[in-house]
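Student: Have a look at the structure that comes next, please.
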Amino acid sequence: MMKDIKVIDTGKVPYLESYDLQMKFFDNLISDKEIFGYLIITEPNPTITKGIRGEDREIFISKEEREEKGIELIDIRRGGKVTFHGPGQIVIYPILNLSHFKKNIKWYIESLEDVVILTLEGLGIKTHKKEGIIGIFTEKGKICAIGVEVKKWRTLHGIAINHEVVLDYFNNINPCGLNDLGVTSILNEGKKVTRKDIIDLFKLNFSKVFDIELKNY
């Protein structure tokens with residue numbers, strides 16, 4: 001039986017709006033064990049998120065500067081350290097019941113990485129993984145951050161692909177604790193593509209890797 005995943009694209013919204021949507025869908029997965037999952041695609045307002053391993057010293061911008069530039073700071077429970085989300089990123093949250101897939105967090109993260117690699121390769125961008133580091137890289141730096149939370153085999157949080165994001169934003173933090181590795185974007189790699197082109201390719205690859213069918217929410 002094909003697994004149906006409902007997909008919703010919020011467009012540009014405040015970070016907490018898409019977070020609340022995550023929690024709503026997560027609660028649905030807890031209350032109804034037959035639901036396979038959801039896929040949220042969003043583009044947040046400028047936001048610094050601090051994961052469970054994040055430290056204040058990895059944030060280089062003061063509260064006053066953040067307020068002046070309209071950057072929110074939010075503590076979240078996903079794995080990982082400090083990262084930035086904002087305009088020009090494609091942020092994707094798979095909210096899945098892994099009981100219908102595989103109860104293996106390593107498999108889940110590696111599958112997400114595979115989807116991103118296939119998507120970027122489809123855009124003509126050569127990427128790679130780094131041993132012991134979650135995320136996707138090019139020769140210029142990190143192009144995709146991945147941070148997840150898994151509770152009762154239900155997933156939260158997910159993927160941030162740098163499309164046309166202003167890379168200067170990342171100067172305000174030590175991104176994922178990997179400041180020395182640099183940050184890049186699809187545009188910085190010399191590829192001018194639309195948000196829709198990237199999302200369509202991502203959805204195609206996500207469907208293949210996870211063996212699911214995406215349907216509009």
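The values are calculated or read from the model by the stated rules, or taken from the named source; none is laboratory data. If you're wondering where the values come from, they're calculated on a predicted model, not measured in any experiment. Quick reminder, even Gly has a Cβ in these numbers, built from the backbone with ideal geometry, and neighbours come from all protein chains shown.
Student: Since Gly37 meets every condition but one in (1) of a type outside the set (Lys, Arg); (2) closer than 20 Å to Val209 by Cβ; (3) within 14 Å of the chain's Cα centre (by Cα), which condition does it not meet?
Tutor: Condition (3) is where Gly37 drops out.
Student: Checking Arg77 against (1) at pLDDT below 95; (2) buried (at least 18 other Cβ atoms within 10 Å of the Cβ); (3) closer than 24 Å to Lys33 by Cα, only one condition comes out false. Which one?
Tutor: Result: Arg77 passes all but (2).
Student: Filter the range 151-165 down to the residues that are in a loop (DSSP other than H, G, I, E, B) and within 17 Å of Leu201 (Cα to Cα) and list them by number.
Tutor: In the first step, residues of the range 151-165 are kept if they are in a loop (DSSP other than H, G, I, E, B); the result is 152-153, 163-165.
Listed by number, the residues that qualify are His163, Glu164.
Student: Further question: If the requirement is being of a type in the set (Gly, Ala, Ser) and in contact with a Phe, Trp or Tyr (Cβ under 8 Å, 6 or more places away or on another chain), which of these qualifies: Gly122, Gly86? Before the answer, list the steps.
Tutor: Details: Gly122 fails: in contact with a Phe, Trp or Tyr (Cβ under 8 Å, 6 or more places away or on another chain).
Among Gly122, Gly86, only Gly86 is of a type in the set (Gly, Ala, Ser) and in contact with a Phe, Trp or Tyr (Cβ under 8 Å, 6 or more places away or on another chain).
Student: Still on this structure: Quick one: how many residues across the range 40-73 are of a type outside the set (A, V, I, L, M, F, W, C), modelled with pLDDT of 90 or more and either assigned to a strand (DSSP E or B) or touching a Ser or Thr at 6+ places or on another chain (Cβ under 7 Å) (or both)? I'd like the intermediate steps shown before the answer.
Tutor: Here is the first cut: in the range 40-73, the residues of a type outside the set (A, V, I, L, M, F, W, C) are 42-47, 49-51, 53-58, 62-70, 72.
Then keep just the ones that are modelled with pLDDT of 90 or more; that gives 42-47.
Filter again for either assigned to a strand (DSSP E or B) or touching a Ser or Thr at 6+ places or on another chain (Cβ under 7 Å) (or both), leaving 42-44, 47.
Residues flagged as of a type outside the set (A, V, I, L, M, F, W, C), modelled with pLDDT of 90 or more and either assigned to a strand (DSSP E or B) or touching a Ser or Thr at 6+ places or on another chain (Cβ under 7 Å) (or both) within the range 40-73 amount to 4.
Student: For Lys103, state whether it is touching a residue at least 12 places away in the same chain (Cβ under 8 Å), assigned to a loop (DSSP other than H, G, I, E, B) and surrounded by fewer than 19 Cβ atoms within 10 Å (Cβ to Cβ).
Tutor: On the way: touching a residue at least 12 places away in the same chain (Cβ under 8 Å): yes; assigned to a loop (DSSP other than H, G, I, E, B): yes; surrounded by fewer than 19 Cβ atoms within 10 Å (Cβ to Cβ): yes.
Taking the combined requirement at face value, the residue satisfies it.
Here is a yes/no grid of residues against (1) more than 20 Å from Ile198 (Cβ to Cβ); (2) among the small types (Gly, Ala, Ser):
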site: Val7; (1), (2): no, no
site: Lys12; (1), (2): no, no
site: Asp20; (1), (2): yes, no
site: Phe26; (1), (2): yes, no
site: Lys33; (1), (2): yes, no
site: Leu39; (1), (2): no, no
site: Glu58; (1), (2): yes, no
site: Ser62; (1), (2): yes, yes
site: Arg66; (1), (2): yes, no
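Student: Glu113: within 13 Å of the chain's Cα centre (by Cα), of a type in the set (Asp, Glu) and at pLDDT 95 or above, yes or no?
Tutor: Details: within 13 Å of the chain's Cα centre (by Cα): yes; of a type in the set (Asp, Glu): yes; at pLDDT 95 or above: yes.
Yes, satisfied.
Student: Picking from Lys106, Lys192, Lys196, Lys129, which residue would you name as being at pLDDT below 95 and either in contact with a strand residue (DSSP E or B) (Cβ under 6 Å, 6 or more places away or on another chain) or farther than 30 Å from Glu65 by Cα (or both)? Quick ask: steps written out before the conclusion?
Tutor: Working: Lys106 fails: at pLDDT below 95; Lys192 fails: at pLDDT below 95; Lys196 fails: at pLDDT below 95.
Going through Lys106, Lys192, Lys196, Lys129 in turn, just one is at pLDDT below 95 and either in contact with a strand residue (DSSP E or B) (Cβ under 6 Å, 6 or more places away or on another chain) or farther than 30 Å from Glu65 by Cα (or both): Lys129.
Student: Within the range 193-207, identify whether any single residue is aliphatic (A, V, I, L, M), in contact (Cβ under 8 Å) with a residue 12 or more places away in the chain and part of a loop (DSSP other than H, G, I, E, B), and answer yes or no.
Tutor: Yes, the conditions are met somewhere in the range 193-207.
Student: Quickly run through the range 72-102 and pick out the residues that are of a type in the set (A, V, I, L, M), touching an Asp or Glu at 6+ places or on another chain (Cβ under 8 Å) and over 26 Å from Lys6 (Cα atoms).
Tutor: Matches in the range 72-102: Val82 only.
Student: Given (1) buried (at least 23 other Cβ atoms within 10 Å of the Cβ); (2) on the phi < 0 side of the Ramachandran plot; (3) at pLDDT below 95, identify the lone condition not met by Gly135.
Tutor: All conditions are met except number (2).
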